[in-house]
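Worksheet for the structure shown next.
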Amino acid sequence: VANILVVLFLGMSVYAVIGVTTFGTVRTGTRLSKTANFTSFPNSLLTLWQILFGDDWMYLMDDCGVGWPFCTPEFEDPVTGQPLTYGDCGNQISTIYHISYKVLCQWTMINLFIGMIINNFSFCSNRENEGAVTDADIENICDAWTENFDPKGTSFIHLTRMRGLMDDIGEPLGFYGSPKNRIRYLHAREELKIMLIEEEKAKNLFDRALEMQDAGNANDATRDFVEKNKQEFQQGFFTRNYVNLRNHEEGLREILKLEWSETKRAYSEYVKERAEEARVKIEKDMKKARRKDRARRRAQGEEVDSEEEEAEAMHASKQRRKADADQQREREEEDARRKDRARRRDKGEEVESEEEEAEARYASQQRREADADQQRNGDMG
């Protein structure tokens, strides 16, 4: 904001100097008067300030552009009677002067200044909505604490290392180039002392309750208090926050993983449905084409096979394609087994005999034939 104000003042100063040198002796008119004129630098600045807010600047533009015969082009020296080099006429650049000033200083600078203010308000409101400290900042603090200052997980560091921690974590809770870093450091130390005092009080209360329970002098409320806070006080303050943050992140990962699995399953179902629809459409188109072909052949007097014969021919063609696919698969499996035996021999592992492999292939073939018979019975049903 300050930079914009400085640039605006410099622009007004330049236009004020131009106004004094160009319109300093112009005669008064409709708006050019004692309250708005260019006779001096301060008066010129005041006049430009009025123009900046739209105070009859059109009349000022007309008054500064006045010409003969409504003015005197050159004055005469009252003593010698010689003509002077100036008069009270205006200048034709008045229109360019005033319009350019309005464009540069009002429509540009003022709007830029207002936009900067609105942007700052928007930034402040967003920071309030999002929170000054985000989950990423907390994770950064926990990582710096556990990796650089407390690798053993004791949950404590010496106060002399507090400044190093704040240098390491940076903005927003650490140091980030502000001249008030010392005040922030002292404030953080005091806040930390208060937190540790409260933590110590709660820990001492838990220890006393635990001692009463071990001694057999605890009532039901004490036992409930120990059972409720046992998990909490088995870890230090910062370690608990670190573990809670990690558990939160793991929960988010699990949710994302479930969402991805659900999306993948839905997409697989969608692909299967589309493939089934395409298969049904192809079958319908093939049946329609066969009916048209039979009608055409009947019209030409050719012999036409019955629908049962065509169905048997289609079934035989399907069986041949399936048998070819099974043979191709058996060849690929045989090649894979040979490669696996060669690899295992190279490694010195025990390799099964060819008789055992033959029995395994026979059992696999029997299973495939049983599956094919079952599928064929289902198709016929």
Charge dipole of segment 1-129 built from unit charges on the beta carbon (Lys, Arg +1; Asp, Glu -1), centred at mean Cα; most positive-end Cα among Met12, Cys64, Asn37 is Met12
Accessible-area value, Ser100, 1.4 Å probe, nucleic acids and ligands omitted, Å² | 30 Å²
Quick note, segment 1-129: a/c under 1.5 would make it rounded; otherwise a/b > b/c is prolate and the rest oblate (a ≥ b ≥ c, C-alpha gyration tensor); here it is prolate
For segment 59-90, state which chymotrypsin sites (Phe, Trp or Tyr not before Pro) are in a DSSP loop and have at most 16 other beta carbons lying within 10 Å of their beta carbon.
-> Phe70, Phe75, Tyr86
Trypsin sites (Lys or Arg not before Pro) within segment 1-83: which are DSSP loop residues with at most 11 other Cβ atoms inside 10 Å?
-> Lys34
How big is the gap, in Å, between the Cα center of segment 183-203 and the Cα center of segment 33-69?
-> 64 Å
Amide H within-cut-off set for Ala36, under 5 Å, with H built and near neighbours excluded | none
Carbon plus sulfur, as percent of the 1.4 Å-probe accessible area of segment 1-129, comes to 65 percent
What does the charge dipole of segment 1-129 about its Cα centre add up to, to the nearest 20 debye, if the Cβ of each Lys and Arg holds +1 and the Cβ of each Asp and Glu holds -1?
-> 440 debye
Excluding residues fewer than 8 places away in the same chain, name every one of the lysines whose C-alpha is closer than 30 Å to that of Lys228.
-> Lys152, Lys193, Lys201, Lys203
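The values are calculated or read from the model by the stated rules, or taken from the named source; none is laboratory data. In this text the structure is predicted, and so the values were computed from the model without any measurement. Backbone-built Cβ (ideal geometry, glycine too); neighbour counts: all protein chains shown. Please note that ligands, DNA and RNA were not included when accessible areas were found on the heavy atoms of the full protein model with its side chains. Shrake-Rupley method; radii C 1.70, N 1.55, O 1.52, S 1.80 Å.
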